[in-house]
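Enquirer: First, the structure itself, so that you have it in front of you.
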2 protein chains.
Amino acid sequence: MSDLQFSVAGVRTSATQFKAKARQFTLVVDEPEDFGGTNEDANPVEYILAGFAGCTNVIGHIVAKELGFTLNNLHIEVSGTLNPQRLLGTSFDQRAGFKAINLNLTPEADVSEETLAKWLQIVEDRCPVKDNLQNSTPVNVTVAAKTACAL
Amino acid sequence: MSDLQFSVAGVRTSATQFKAKARQFTLVVDEPEDFGGTNEDANPVEYILAGFAGCTNVIGHIVAKELGFTLNNLHIEVSGTLNPQRLLGTSFDQRAGFKAINLNLTPEADVSEETLAKWLQIVEDRCPVKDNLQNSTPVNVTVAAKTACAL
C-alpha cells in the first residue's frame, strides 16, 4: 500500500489565531485570553491532545474488531505538562513542548483482562499519533518570504 | 514560572469519531468515508498538522515582536506522509506515524532576509509542537477497564 499525504494550510487571523483548512474543514486554533488570545477555540497543544485521543479511538476500534470483541463505549482522557519559559523566551533550561503525555483509556467491553492488555499493546504500537509524539520525526521548516516591497 | 497542564477528555461517538472537550470547546475528530468514517470533521493526523501550524503562528508573532518587526500576514502550509500498513496491521516494516513533516511559512513583513532567517531559527527552537514532533517525548498509556459486568 502506498504512502498517504495529509496537509493543512491557512492564514493567521490574529497574532494568536490561525484558521487552518483541512480538506473542506476549517480548524480554528486560538489561545485563551490569559495567553493574549481571543479564546475562540482550543489552543495548539489541545489540538495535539485531541488528535492523539481521536487516533487512539480509531485504532482501538480496529484492533478490538481484530481481537473479536465489541467496544460498547470508549472514554479517553489525555493530558500533558509543559513549562512555558522557553516558548516565552525567558529561560532555555527546559524543552519547549510537553515534557510527558499521559493518556488514559476507559473501554466498556465484555472482555478478559488478558485480552484487554493485548489490545492495549497492539493499539499503542499501531497508533500513528502516538508514534509521532513518542518517537523522533524529521521536521523540515522552510520560509518563502513575501516582503512588503514585493506586495 | 511553573509548569502548565493541558488536558482533553471525551468519548467515542462511533468507531471513527471522537468528541473531545478542551475546556469549553468541543473538537470533533473523524475519518473520511474512504477510511470507514462519517467525515464530519478533520481526522486525527490533520489535527496534529493544524496544531503545529497554530503553534508556529503564535510563536512567530511573539518572536517578530521581540525582533522589532510586524507580521502583516502569515500563511502556513504543513504536510506529512505516512504509510497506512502498520495502522491497518497488514505490515510492520514501517513506522505507524508520519515519516516526515514539512512546514512552509510565507510571512509578509518589511524585514531583511537576515532578520527573517534569525526569526525562523528562534521560532523553530521555541515552538512546543515542533519540539514534541521532532523530539522524543515520554508517552504513558493506561487502561482503566469498565467491563460489561460492572455496568
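Enquirer: Just to be sure I understand, how many residues within the range A:15-29 are surrounded by 16 or more Cβ atoms within 10 Å (Cβ to Cβ) and more than 8 Å from every other protein chain (Cβ to nearest Cβ)?
Expert: 3
Enquirer: Evaluate the following for A:THR38: is it in contact with a Ser or Thr (Cβ under 7 Å, 6 or more places away or on another chain) and more than 7 Å from chain B (Cβ to nearest Cβ)?
Expert: yes
Enquirer: Now, a different point. Looking at the structure I just gave you, is A:THR106 free of Cβ contacts under 8 Å to residues at least 60 places away in the same chain and facing chain B (nearest Cβ under 7 Å)?
Expert: The answer is yes for A:THR106.
Enquirer: Would you confirm whether or not the range B:89-109 contains a residue that is among the β-branched types (Val, Ile, Thr) and within 18 Å of A:GLY10 (Cβ to Cβ)?
Expert: Yes, the range B:89-109 contains a residue that is among the β-branched types (Val, Ile, Thr) and within 18 Å of A:GLY10 (Cβ to Cβ).
Enquirer: Let me ask you something else. Specify the residue that is surrounded by the fewest Cβ atoms within 10 Å (Cβ to Cβ); the eligible residues are those in the range A:30-53 that are more than 18 Å from the chain's Cα centre (by Cα) and of a type in the set (Gly, Ala, Ser).
Expert: Among residues in the range A:30-53 that are more than 18 Å from the chain's Cα centre (by Cα) and of a type in the set (Gly, Ala, Ser), the one surrounded by the fewest Cβ atoms within 10 Å (Cβ to Cβ) is A:GLY36.
Enquirer: Would you mind finding the one in A:SER79, A:SER112 that is in contact with a Ser or Thr (Cβ under 6 Å, 6 or more places away or on another chain) and either more than 18 Å from A:VAL58 (Cβ to Cβ) or within 7 Å of chain B (Cβ to nearest Cβ) (or both)?
Expert: Criteria check complete, one pass: A:SER79.
Enquirer: Any chance the range A:113-127 includes a residue that's touching a Cys at 6+ places or on another chain (Cβ under 8 Å) and hydroxyl-bearing (Ser, Thr, Tyr)?
Expert: No, because not a single residue in the range A:113-127 is touching a Cys at 6+ places or on another chain (Cβ under 8 Å) and hydroxyl-bearing (Ser, Thr, Tyr).
Enquirer: Turning to a different aspect of this structure: If you check B:THR137 against the conditions, is it facing another protein chain (nearest Cβ under 7 Å), β-branched (Val, Ile, Thr) and farther than 24 Å from B:ALA15 by Cα?
Expert: It is true that B:THR137 is facing another protein chain (nearest Cβ under 7 Å), β-branched (Val, Ile, Thr) and farther than 24 Å from B:ALA15 by Cα.
One line per residue, one yes/no per condition, for (1) more than 7 Å from chain B (Cβ to nearest Cβ); (2) surrounded by 15 or more Cβ atoms within 10 Å (Cβ to Cβ); (3) at pLDDT 95 or above:
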site	(1), (2), (3)
A:ARG86	no, yes, yes
A:SER91	yes, no, yes
A:ALA96	no, yes, yes
A:ARG126	no, yes, yes
A:ALA145	no, yes, no
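Enquirer: Okay, next question. Inspect all residues belonging to the range A:2-9 and state whether any of them is surrounded by fewer than 15 Cβ atoms within 10 Å (Cβ to Cβ), touching a helix residue (DSSP H, G or I) at 6+ places or on another chain (Cβ under 7 Å) and closer than 20 Å to B:ILE101 by Cα.
Expert: Checked the range A:2-9: no residue is surrounded by fewer than 15 Cβ atoms within 10 Å (Cβ to Cβ), touching a helix residue (DSSP H, G or I) at 6+ places or on another chain (Cβ under 7 Å) and closer than 20 Å to B:ILE101 by Cα.
The values are calculated or read from the model by the stated rules, or taken from the named source; none is laboratory data. Note that the structure is a prediction, hence the values are computed from the model and not measured. Note: ideal-geometry Cβ built from the backbone for every residue, glycine included; neighbour counts use all protein chains shown.
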